[in-house]
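Working notes, structure below.
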Amino acid sequence: MMTKIGGGSPGSCGGLVEYLEKEQAGLWFSQGREQLAGHVVVAQIDHNKRNLGREDAKYYQVILAPSQAELAHIGSDPQKLQAFTRATMEQYAANFGKGIESKDLVWFAKIEHSRSFDHTDRAVQLGEQQKGVAKTGDQTHIHVIVSRTENLREYVEGKKNEQHQRKNPYHLSPLTNHKATTKGPVVGGFERNSFSQRTEQTFDQAFTYERSLTESFRFLHCMKYGDEPAKGEMQRQVAEQAQKRAQSHEPGQRAEMYQQPGKSSENELTDDLRAVLSKAYRQKDVSDLTAALATAQAERERQRVAQEQKAEEARKQAIETAKLAEQQKVVQQQKIEQKPENAPRISRGLGL
C-alpha cells in the first residue's frame, strides 16, 4: 500500500480537478455522497477557507495506491475502494489529535485506473524506462483532495450548539512538522508514518488481507531509512514471524471445521463479515468495521498459519526422506565394497 501526501496550491483546485478527470468526467465521491461532478468539488473546496493568507496552501492531495496483490484480493471492486477511502479519511482526521472526524473535513475522492512512469520512479532515474510510458498491470488508485480548513458548516453548527468554544476553525496541514505536541501555538500535529501504517491496517482489517511483514510499511520504511542494527532486527522479526507461522495449530482443526458447514465458527465469522461489509457499504461508513472484524481477522490468521504449517511439515518430510535415501545409498555402497570378491588382490609372490 503506497500512501502519499502532496501539497496543494494557494489558488483554486480547479486545475487539479480538471487533470483528474482525464480518464472520465465526474464520478467523484465523499463521506456520504457519490456521483459528484467536478464543478461541485471545485466550488466546495475553493469556498471552504477562512483566515488563510494569500500564499497559504488551500488544500492537499492524498494518494492511496494499493499494490496489485491488494487489488487482486478485493477484485478492484469500486465499492470496496470507496469504503476503504472513507475509512482512511477517518484515520486522516483522527491523526491530527484534535478530536475531529471525517465529517469535520471537506474532501472529495476519485478512482483512477492507469498510471505512467514519472521522474520519481526508480526505473526512470536509472534510464530503464521513459517518462510518460504507461505502467502495466492493474494500476487502480485513489486521489483525494482535502481542504486545509475545517468544514466551516460543521464548525458553525458546532459553535451554535456550544459543542466547542473555538474562536476560529482549525487549519489542518498533514505536512506540518508537529507530531502530537501538547504545548505551544500548535496542539496536535500529524504523524505521517503512523498514518501510512494505519492506512494499511484499515485495508487489512476491512478485507481480511493477510499481509506479511515484508509487505508492510514498517518493514519497507526500515529497509530504506533504518540503520544497520534496525535492519538486522527487522530481518530477525521476519524470520521469527515465519517460524511462528510454521508452529501454529494443527491443520486437522481446519478440516474439522469444513466438515460441519453452517455449524463452524469459521462459517459464522464469514457470515458476520459479509453482513458487516454489506451494512458498511449501505451506510457509506466503515468506522465500526475495524472492531467488528477483529475476531474474524484473528481466525483468518489462524487458518493461514495452519496452511503454512502443513506446507512446512511436508517440506521437512521431503528433506528427511531424501536424507534417509542418501544414507541408505552410502551404506549399500559400503557393503558392496566390503565383499571378498571385491577386495583388492594382494600378490602372494614366490619369495622374490
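Every read-out reported here was derived from the displayed coordinates using simple, explicitly stated rules and does not represent laboratory data. Here the structure is a predicted model, which means the values were calculated and not measured. Cβ coordinates were reconstructed from backbone atoms using ideal geometry, including for glycine residues, and neighbour counts include every protein chain displayed.
Values as computed for the structure displayed
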read-out	value
Nonlocal amide H pairs with residue 149, under 5 Å, H built at 1.01 Å	172
Packing rank of 83-89, 222-228, where each peptide gets the mean count of other beta carbons within 10 Å, highest leading	83-89, 222-228
³J(HN,Hα), Karplus 6.51/-1.76/1.60, whole Hz, each residue of region 308-322, x for Gly, Pro	5, 5, 4, 5, 5, 5, 5, 5, 5, 5, 5, 5, 5, 5, 5
Computed over region 8-144, Kirkwood Rh from alpha-carbon pairs, angstrom	16.5
Backbone HN-Hα couplings from phi across region 22-36 [Karplus 6.51/-1.76/1.60, Hz, Gly and Pro as x]	5, 7, 7, 6, x, 6, 7, 9, 9, 4, x, 9, 9, 6, 8
Most to least packed among 1-7, 40-46, 233-239 [average Cβ atoms within 10 Å]	40-46, 1-7, 233-239
Cross-link pairs 4/110; 22/98; 49/131; 49/80 - those with Cα-Cα distance over 26 Å	22/98; 49/131; 49/80
